[in-house]
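Peer 1: Got a structure for you, questions after.
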Amino acid sequence: MPKVRYLSIRFSQSLFPYEVSQFRAAVIEKTRRESDLFHNHTDEGTLYRYPLIQYKVVHRKAGMICLNEGADAIHRLFQEQDLSVRVGSREFQLEVEDLDLGYRQVQTWQNSFLYSLLNWLPLNQEQHRRWQSLEGDDRAQGELLEKILIGHILAFASGVDWQAEHRIEARIERIREMKLLTYKGGKKLAVSLNFRTNVSLPDFVGLGKGASVGFGIVKRIFEREEKPSE
């Protein structure tokens with residue numbers, strides 16, 4: 001059961017969800033593209049791996065989540081004397097409002113945990129065709145989403161070098177919203193839902209497509225009999 005190095009940064013500047021990609025681009029330029037952990041690109045092309053540096057809106061502010069090697073690489077940003085960035089038409093100084101540095105235990109458990117999942121992009125092209133073929137069968141569509149969700153949790157596990165001790169389970173409790181959102185120039189189905197899983201997941205990590213730019217954000221929901229440990 002590994003302990004994942006975890007760094008959550010919230011800046012004092014407000015940020016809208018549609019600005020996250022611009023915020024990411026600004027940080028990439030500020031770090032002079034010295035580490036591909038900030039952008040997952042090399043001269044050979046895109047690196048298809050789970051992003052260890054993720055850009056978010058956290059409590060309506062610009063935020064970043066850094067995992068394992070990403071938590072080490074972030075010094076490339078803070079070693080810059082000038083932390084002014086341009087996001088769209090706005091220019092501002094990055095000022096840290098809140099920082100949480102530590103370890104998060106990631107493992108499978110006998111019991112399950114309840115999470116929210118915000119603006120998750122579950123479907124690739126093949127899965128979208130399958131989804132459309134199941135139109136009118138809510139149960140089958142739900143089962144498809146659960147299988148995809150397990151796959152995305154496994155992708156997270158691989159990204160943080162964790163091999164699950166037991167079978168990963170996930171069950172969707174409630175679909176709160178479905179809508180189309182713009183991603184890479186096209187419209188994608190985005191799903192916000194509550195789900196249960198037997199995996200302990202760190203708050204604010206992303207699952208699925210667009211995890212590096214604020215899609216698929218996970219947040220623990222504590223139930224009445226539970227109290228937050230942190």
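The values are calculated or read from the model by the stated rules, or taken from the named source; none is laboratory data. Source: prediction; values computed, not measured. For neighbour counting, all protein chains shown are included, and Cβ atoms are generated from backbone atoms with ideal geometry for every residue, glycine included.
Peer 1: Could you tell me which numbered condition Glu126 fails, if it satisfies all but one of (1) more than 23 Å from Ile153 (Cβ to Cβ); (2) charged (D, E, K, R); (3) not in a strand (DSSP E or B)?
Peer 2: Only one criterion is unmet by Glu126, namely (1).
Peer 1: So, of the residues in the range 60-111 that are β-branched (Val, Ile, Thr) and within 16 Å of the chain's Cα centre (by Cα), which turns out to be nearest to Asn198 (Cα to Cα)?
Peer 2: Step by step, filter the range 60-111, then rank; the result is Val106.
Peer 1: Something else about it: Quick one: which of Ser192, Ser158, Ser212 is assigned to a strand (DSSP E or B), among the small types (Gly, Ala, Ser) and under 28 Å from Tyr6 (Cβ atoms)?
Peer 2: Numbers: Ser158 fails: assigned to a strand (DSSP E or B); Ser212 fails: assigned to a strand (DSSP E or B).
Matching residue, one of Ser192, Ser158, Ser212: Ser192.
Peer 1: Still on this structure, I have one more. In the list Arg171, Arg176, Arg220, Arg196, which residue meets the criterion of being at pLDDT 95 or above, over 19 Å from Gly142 (Cβ atoms) and either more than 15 Å from the chain's Cα centre (by Cα) or of a type outside the set (S, T, N, Q) (or both)? Steps first, answer last, please.
Peer 2: Working: Arg171 fails: over 19 Å from Gly142 (Cβ atoms); Arg176 fails: over 19 Å from Gly142 (Cβ atoms); Arg196 fails: over 19 Å from Gly142 (Cβ atoms).
Unique residue meeting the criteria: Arg220.
Peer 1: Could you tell me whether Ala211 is within 16 Å of Gln54 (Cα to Cα) and without any contact (Cβ under 8 Å) to a residue 60 or more places away in the chain? First the steps, then the outcome.
Peer 2: Numbers: within 16 Å of Gln54 (Cα to Cα): yes; without any contact (Cβ under 8 Å) to a residue 60 or more places away in the chain: no.
For Ala211, the condition - within 16 Å of Gln54 (Cα to Cα) and without any contact (Cβ under 8 Å) to a residue 60 or more places away in the chain - is not met.
Peer 1: Could you identify the single residue in Gly159, Gly206 that is within 24 Å of Ala71 (Cβ to Cβ) and touching a Leu at 6+ places or on another chain (Cβ under 8 Å)?
Peer 2: Unique residue meeting the criteria: Gly159.
Peer 1: Something else about it: Can you pull out every residue in the range 1-42 that is of a type outside the set (Ser, Thr, Tyr), out of contact with any Cys (no Cβ under 7 Å at 6 or more places or on another chain) and assigned to a strand (DSSP E or B)? Explain how you work it out, then say what you get.
Peer 2: As a first pass, look at the range 1-42 and keep what is of a type outside the set (Ser, Thr, Tyr): 1-5, 7, 9-11, 13, 15-17, 19-20, 22-30, 32-34, 36-41.
Subset that is out of contact with any Cys (no Cβ under 7 Å at 6 or more places or on another chain): 1-5, 9-11, 13, 15-17, 19-20, 22-30, 32-34, 36-41.
Scanning the range 1-42 gives Lys3, Val4, Arg5, Ile9, Arg10, Phe11, Gln13, His41.
Peer 1: Next question. Just to verify a result, which residue in the range 43-79, among those that are in a loop (DSSP other than H, G, I, E, B) and among the hydroxyl-bearing types (Ser, Thr, Tyr), is modelled with the highest pLDDT? Working first, answer last.
Peer 2: Of the residues in the range 43-79, the ones in a loop (DSSP other than H, G, I, E, B) are 43-44, 47-52, 59-60, 68, 74, 79.
Filter again for among the hydroxyl-bearing types (Ser, Thr, Tyr), leaving 48, 50.
Numbers: Tyr48: 72, Tyr50: 94.
Once the filter is applied, the top-ranked residue is Tyr50.
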